[in-house]
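The values are calculated or read from the model by the stated rules, or taken from the named source; none is laboratory data. Just so we're clear, the structure is a prediction, and the values are computed from it rather than from any experiment. Methodologically, a virtual Cβ is constructed for each residue, glycine included, from the backbone with ideal geometry; neighbour enumeration extends over all protein chains shown.
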Amino acid sequence: MIHHLLRFLALLLPLASCLVAPALAQNAMPALRADVTVTGDIVRIGDLVENAGPVADVPIFRAPDLGTRGAVPTERVIEAIRPHQLIGIDTRGLSEVVVTRASRAITVQEISARIAKALEGQYGLGEARNIEVEFNHDVHTLNVETTVSGELQVSSLSYNQRTGRFDVTLDLPASAALRWQTTRFNGVAFEAVDAVTVEHVVEHGEVLKVSDLAVVRRPKAEGAVISEIRAAAGLAARHQLRPGEPLHGADLMKPAIIARNDPVTIVYEAPGLTLTLRGQAQESGALGDTISVLNVQSKRAVQGVVTGAGRVTVTAPVTRLVETAPANGAPAPSSE
């Protein structure tokens, strides 16, 4: 008999726990939430309090503006709830409850991209990805309802091709919140290209390293510029270079490997003959440059090509013997 009773109790206990758990959940103590996110413009008791029961849908506060947050002191929350007979709220030691209003954020980058897209292929401009947009004033993120989809639309657009100035008004018809925000923008838009510049001041003759260089975006109208770092690294400054100024081909030169007054080896080359002489550079030169060098022995200056570090090659001119043509087309005299 006892054995059968124990088996019955073993079967009854799981069933009892299933019945008690919901009852406990229904009677769970209401407690404040530390952080709350709402999507509408009203904050309800159930947003602020867990286990609020029948009064969960009762509105008590206005929500913050879209995309913003605000802190409500705990005392104020309890005072606002008190008339609705929700007692015994566990405040969890919180001094305030932070309420955030969810939104769909339209960033400054998205606004710029939309303007660039509107200008693409017009007014002599190229692809949108190469159009840089600079605003006259600070532009802030636009916040619209989370339920609003679609991209910004252009209501009006004007562009001055000579100055690059634009004036545009954007819209998102499905959003009521956007009507209360600034959607008219003006500034300058231009087609840009990559341009290499120096990170710090570089003096004449200094050889550029990769670490000295950076890539910036510059207006295409400024003319041909060096667009890749590898095209500038290893070359020397033809004059002082300053940060932010795009580099052009005329700004750089091959680095000098012979300096003025350096001792050099003069290699004199002629058909079937090669001589080496001691010399002195009269000017600096890079590989391939033609410079003047002094033959130390003869004290005579000659022109040669820099062919290596401390090496200048002088090539003798090739003399061609041309047989004198006979006058009046007469045949050339026989050599016999």
Filtered residues of the range 137-179 (kept if of a type in the set (Asp, Glu) and part of a strand (DSSP E or B)): 167, 171
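Does residue 240 meet the test of being over 28 Å from residue 215 (Cα atoms) and either surrounded by 15 or more Cβ atoms within 10 Å (Cβ to Cβ) or not aromatic (Phe, Trp, Tyr) (or both)?
Criteria not met by residue 240.
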Elements of type strands (runs of 3 or more DSSP E) in the range 66-118, at least 1 residues being under 26 Å from the mean Cα position of the chain (by Cα): 104-106
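Scan the range 200-217 residue by residue and report those that are crowded, with 17+ Cβ neighbours inside 10 Å and part of a loop (DSSP other than H, G, I, E, B).
The answer is 208, and nothing else.
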When you scan the range 190-199, do you find a residue that is in contact with a helix residue (DSSP H, G or I) (Cβ under 7 Å, 6 or more places away or on another chain), of a type outside the set (A, V, I, L, M, F, W, C), in a loop (DSSP other than H, G, I, E, B) and surrounded by fewer than 17 Cβ atoms within 10 Å (Cβ to Cβ), even just one? yes
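Do the conditions hold for residue 214, that is, is it under 25 Å from the mean Cα position of the chain (by Cα) and farther than 28 Å from residue 122 by Cα?
Yes.
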Which is assigned by TED's automatic domain parsing to the domain that holds residue 188, loosely packed, with under 13 Cβ neighbours inside 10 Å, touching an Asp or Glu at 6+ places or on another chain (Cβ under 8 Å) and acidic (Asp, Glu), of 127, 134, 120? 127
Looking only at the range 173-189, count every residue that is surrounded by 14 or more Cβ atoms within 10 Å (Cβ to Cβ), farther than 15 Å from residue 137 by Cβ and without any contact (Cβ under 8 Å) to a residue 40 or more places away in the chain and tell me the total. 2
Counting just the residues of the range 221-280 that are hydroxyl-bearing (Ser, Thr, Tyr) and not in a loop (DSSP other than H, G, I, E, B), which one comes out farthest from the chain's Cα centre (by Cα)? 274
Are any residues in the range 148-202 over 17 Å from residue 124 (Cα atoms), touching a Phe, Trp or Tyr at 6+ places or on another chain (Cβ under 7 Å) and of a type in the set (Phe, Trp, Tyr), and if so, which ones? 185
